[in-house]
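Enquirer: One structure, pasted below without further comment.
The values are calculated or read from the model by the stated rules, or taken from the named source; none is laboratory data. Quick caveat: nothing in here was measured; it's all calculated off a predicted structure. With ideal geometry, Cβ positions are generated from the backbone for all residues, glycine too; neighbour counts draw on all protein chains shown. Side chains included, ligands, DNA and RNA excluded: accessible areas come from the protein's heavy atoms. Shrake-Rupley method; radii C 1.70, N 1.55, O 1.52, S 1.80 Å.
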Amino acid sequence: MSDKLYDVIIVGGGPAGLSAGIYAGRGLLKTLIIEKGKHGGQAAMTNEIDNYPGADLEETGPSLIAKMVKQAERFGVEFITDEISDAKLDEDVKTLVGSKGSYTAKTVIIASGAFPRTLGCKGERELTGKGVSYCATCDAAFFEELEVYVVGGGDSAVQEAMFIARFARKITIIQNLPELTAAKSLQQKVLTDPKFSFVYNSVVEELKGDDGLLDTIIIKNEATGELTEFKADEEDGTFGLFVFIGLIPHTEVFFDKVEMDRGYIPTDENMRTNIKGVYAVGDCRIKPLRQVVTAAADGAIAAMDIERLLSE
């Protein structure tokens, strides 16, 4: 067990956690960021960052995250690679237990993120960021005047498809059920729009791409077993596949430790959870928009509130 008592420990090294670290370190708080793998979360898997204020024209997720890590280090933030398996948060001194040891702090920021539910089909992983996306706000503009396929038929899928339709010339929604499950008002908007077409009772079986870009989707009709192949127009050379079949918050270790709602953590406007001295930021908390810019804002707000809390 580490004998060092930190002012704040941040669990998660994505944009929210790194932003919290930058603000906490700049406030001269003893700060530790614990990340189980590579820093950056979903942002690290994003090929292009086009909507973060001040980002370079050729900014990528990894390049932006690298800048954030360097900035946090400049303010004295410590980093440890470990996976937290237990947490004791009710006492004034919080304890986090990892595979490499235990860590103690006066406050804790949960920045463990949430990740899109994936299709699990052949080729998906290799083509993620190369035609396959899980975020319309992030990537829709890259498919201007191209054909796009959207997987999912719920509220989120249809709403995101409507946003993508501002850019794409044609949208095909692939749904594994006989009909859409989105609210009727949303259904009406897409069902009557000539830009939209629909493939029901079907799932994506395989994705292919030449030259590193998605250009082939193979779907399977679950009722008949029939396979259908969709190929990109020769002139386009590629098309988009957006997957909206749900998010999975990475909060399992904090079950029964803080209040949750379907795996997400409710907070107040200062990012405080129901446990004093414990905060949640970024995609793991309940919020209307999950973007790098809102994650960074969450982290800043939490760190500033902790600075006030500890000074009192």
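Enquirer: Considering all projection directions equally, how large on average is the shadow of the alpha-carbon convex hull of the chain, in square nanometres?
Expert: 17.4 nm²
Enquirer: Hey, which aspartates and glutamates would be in cross-link range of residue 208, C-alpha to C-alpha under 16 Å, not counting anything within fewer than 8 residues on its own chain?
Expert: 124, 126, 147, 229, 233, 234, 236
Enquirer: Under 10 Å, Cα contacts only: if you run a Gaussian network model on the chain, which one of 157, 183, 66 comes out with the highest mean-square fluctuation?
Expert: Answer for the Gaussian network model of the chain: 183.
Enquirer: With unit charges on the beta carbons (Lys and Arg positive, Asp and Glu negative) and the dipole taken about the Cα centre of the chain, which residue among 71, 181, 277 sits farthest to the positive side?
Expert: Looking along the dipole axis, the top candidate is 277.
Enquirer: List the residues whose amide H sits under 5 Å from the amide H of residue 60, counting only those 5 or more places along or on another chain, with H placed 1.01 Å from N in the peptide plane.
Expert: Answer set, sorted by chain and number: 49.
Enquirer: Then there is this: Can you work out the Karplus-derived ³J(HN,Hα) for every residue in region 293-305? Use 6.51 cos²θ - 1.76 cosθ + 1.60 with θ = phi - 60°, whole Hz, and x for glycine or proline.
Expert: Using θ = phi - 60°, the values come out as 5, 6, 5, 4, 5, 4, x, 4, 4, 4, 4, 5, 5 Hz.
Enquirer: Continuing with this model, one more query. Leaving ligands, DNA and RNA out of it, rank 264, 149 by accessible area with a 1.4 Å probe, largest first.
Expert: 264, 149
Enquirer: When ranked by the protection proxy of mean other Cβ atoms within 10 Å per residue, highest first, what sequence do the peptides 246-254, 272-280, 73-81 form?
Expert: Packing order, densest peptide first, comes out as 272-280, 246-254, 73-81.
Enquirer: Can you list the HN-Hα couplings for region 168-182, worked out from phi with the Karplus curve (6.51, -1.76, 1.60; θ = phi - 60°), rounded to whole Hz and with x for Gly and Pro?
Expert: Running phi through 6.51 cos²θ - 1.76 cosθ + 1.60 with θ = phi - 60° gives 6, 7, 8, 10, 10, 9, 9, 10, 7, 10, x, 7, 5, 10, 5 Hz.
Enquirer: Counting only residues 5 or more places away or on other chains, whose amide H sits under 5 Å from the amide H of residue 285 once H atoms are built in the peptide plane?
Expert: The answer is 265.
Enquirer: Follow-up question, since we're still on this one. From the phi angles alone, apply the Karplus equation (6.51, -1.76, 1.60; θ = phi - 60°) to region 235-251 and give each ³J(HN,Hα) in whole Hz, x where the residue is Gly or Pro.
Expert: 3J(HN,Hα) across region 235-251, in whole Hz: 5, 7, x, 7, 8, x, 10, 9, 10, 10, 10, x, 10, 10, x, 8, 10.
Enquirer: Hey, another quick one. Choose one of 289, 223, 251: the residue whose Cα lies farthest towards the positive end of the charge dipole of region 218-312 (beta-carbon charges +1 Lys, Arg; -1 Asp, Glu; about the Cα centre).
Expert: With unit charges placed on the Cβ atoms, the residue in question is 251.
Enquirer: In 5 Å bins starting at 0, how do the alpha-carbon pair distances of region 147-213 split up by percent?
Expert: Histogramming region 147-213 at 5 Å steps yields 4, 17, 29, 24, 15, 7, 4, 1, 0 percent.
Enquirer: Counting only protein heavy atoms and using a 1.4 Å probe, what share of the accessible area of region 166-312 belongs to carbon plus sulfur, as a whole percent?
Expert: Reported share for carbon and sulfur atoms: 49 percent.
Enquirer: With only Lys, Arg, Asp and Glu charged, each at its Cβ (+1 for the first two, -1 for the last two), find how big the charge dipole of the chain is about the Cα centre; round to the nearest 20 debye.
Expert: 880 debye
Enquirer: With N residues in region 116-235, what two-decimal value do you get for its Cα radius of gyration over 2.2 N^0.38 Å?
Expert: Dividing the Cα Rg of region 116-235 by 2.2 N^0.38 Å gives 1.01.
Enquirer: Go through the chain and flag any cysteine with no other cysteine's C-beta closer than 4.7 Å, please.
Expert: Isolated Cys, the chain: 121, 284.
Enquirer: Taking Cα centroids, how far is region 47-97 from region 193-247 in Å?
Expert: 34 Å
Enquirer: Hey, can you find the accessible area per residue of region 91-220 for me, probe 1.4 Å, expressed in square angstrom?
Expert: On a per-residue basis, region 91-220 sits at 46 Å².
Enquirer: Pull up all non-local amide H partners of residue 6: gap of 5 or more, or a different chain, and H-to-H distance under 5 Å with H placed in the peptide plane.
Expert: 104, 105, 106
Enquirer: What are the aspartates and glutamates whose alpha-carbon lies under 20 Å from the alpha-carbon of residue 36, with same-chain residues fewer than 8 places away excluded?
Expert: 73, 78, 82, 83, 86, 252, 283
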